[in-house]
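**Q** I'd like to ask you about the structure that follows.
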Amino acid sequence: MYAQVSTVAFEGIEAKPVDVQVQITPGLPAFMLVGLPDKAVAESRERVRGALAAIGLALPPKHIAVNLAPADLPKEGSHYDLPIALALMAACGAVAPDALAGYCVIGELSLDGAITSVAGALPAAMGANALGKGLICPQASGAEAAWASGDMNLLAPPNLLSLINHFKGLQTLPRPQPALEEEPGDLPDMAEIKGQESAKRTLEVAAAGGIIS
């Protein structure tokens, strides 16, 4: 069983295309992840396993190989969780591979199946648009990704189950609209700090761009 899902790797603000290739073969149960992953990417095995279990799917007791191609491009960050999970599901037949063919995918998974926000949604959307693909990203990142193009296909599910239901036609995910980041609420005020005069003075001088002699 084999499936492939598109995602991106970030080099600065540039999004490089990456293919998540999954092959499931008979053999001793194993989950191998190759393709120059860093620690956060390697840990995706446990997040993916937990997220799939949360929606009632178990990995088959077989040899699972996940290759992040091209293999000589360093892969960093947790945004590979969702593409790995979807590629696994496509290889197992839980999701139709054709449904994923037109999308790049980014997103971090929680153990309860939620899709949490990741950095780089806008560059990822721009990279996907340049490839003629849509983008699947976390709901919290949808408003940022929507700035890339007004006509590209963009899905921003809150969790893995809602995305599966969308592909199966059981629900429809609305397209997110571009929006500015909300202004932060009340921030801590140093006037509320009692004492610590030297530390406060140091912060004030540093914030002003000065140097303490």
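The numbers here are math on the coordinates, done by the rules we state, and not lab data. Because the structure is predicted, anything quoted here is derived from the model rather than measured. Positions of Cβ are backbone-derived with ideal geometry, glycine not excepted, and every protein chain shown enters the neighbour counts.
**Q** According to the square roots a ≥ b ≥ c of the eigenvalues of the Cα gyration tensor, what is the shape class of the chain, taking rounded for a/c under 1.5, prolate for a/b larger than b/c otherwise, and oblate for the remainder?
**A** prolate
**Q** Decide, for region 50-120, between rounded, prolate and oblate: order the square roots of the alpha carbon gyration tensor eigenvalues as a ≥ b ≥ c, take rounded if a/c falls under 1.5, and otherwise choose prolate if a/b is larger than b/c, else oblate.
**A** It is rounded, given that a/c, with a ≥ b ≥ c, falls under 1.5.
**Q** Among PRO97, PRO37, PRO61, which one shows the biggest mean-square fluctuation in a GNM of the chain, springs joining Cα atoms closer than 10 Å?
**A** PRO61
**Q** Through the Karplus equation 6.51 cos²θ - 1.76 cosθ + 1.60, θ set to phi - 60°, convert the phi angles of region 31-48 into ³J(HN,Hα) values in whole Hz; use x for Gly and Pro.
**A** Karplus-based 3J(HN,Hα) across region 31-48 equals 10, 9, 10, 10, x, 6, x, 8, 4, 4, 5, 4, 6, 4, 4, 6, 5, 5 Hz.
**Q** Give me the one-decimal nm value for the distance between modelled label points at ASP72 and ALA208, 7 Å along each residue's Cα-to-Cβ direction.
**A** Placing both labels 7 Å beyond Cα along the Cβ direction yields 5.3 nm.
**Q** Please rank SER149, SER78, fewest neighbouring Cβ atoms within 10 Å first, as an exposure proxy.
**A** Ordered from fewest to most neighbouring Cβ atoms within 10 Å, SER149, SER78 come out as SER149, SER78.
**Q** At a 10 Å Cβ-Cβ cut-off, how would you order SER162, SER110, SER141, fewest neighbours first?
**A** Neighbour counts put them in this order, fewest first: SER110, SER162, SER141.
**Q** Helix 81-92 against the longest principal axis of the chain: what's the angle in degrees, Cα atoms only, rounded to the nearest 10?
**A** Approximately 10 degrees, to the nearest ten.
**Q** Same structure again: Output the 0 to 90 degree angle, nearest 10, between the alpha-carbon long axis of helix 121-130 and the longest principal axis computed from the alpha carbons of the chain.
**A** The answer is roughly 50 degrees.
**Q** If you don't mind, another one. Which FRET efficiency value, to the nearest 0.05, do you get for ALA101 and LEU180 by plugging their Cβ-Cβ distance into 1/(1 + (r/R0)^6) with R0 = 30 Å?
**A** Values: r = 33 Å, r/R0 = 1.09.
With R0 = 30 Å, the Cβ-Cβ based efficiency is 0.40.
**Q** For each of ARG49, ARG201, count neighbouring Cβ atoms within 10 Å of the residue's Cβ, then give the residues from fewest to most.
**A** Listed from fewest to most nearby Cβ atoms, that is ARG201, ARG49.
**Q** Using a Gaussian network model of the chain whose springs link C-alpha atoms within less than 10 Å, name the residue from VAL105, VAL41, VAL22 with the highest mean-square fluctuation.
**A** Taking springs between Cα atoms under 10 Å, the residue moving most is VAL41.
**Q** Turning to a different aspect of this structure: Considering only DSSP beta bridges with both partners in the chain, what is the antiparallel share in %, to the nearest 5? Mind showing how you got there, number by number?
**A** Working: 20 of 32 bridges.
Counting only bridges with both partners in the chain, antiparallel ones make up about 60 percent.
**Q** Now, a different point. Given the options GLU11, GLU108, GLU76, state which has the largest fluctuation in a GNM of the chain using a 10 Å cut-off (strictly under) for Cα springs.
**A** In the Gaussian network model the winner is GLU11.
**Q** Within 10 Å, Cβ to Cβ, of LEU68, how many net charges do the neighbouring residues add up to if Lys/Arg are +1 and Asp/Glu are -1?
**A** 0
**Q** Sum up the lysine pairs in the chain that clear both bars: alpha-carbon distance under 30 Å and a spacing of 8 or more or different chains.
**A** Taking the Cα cut-off of 30 Å, the pair count is 11.
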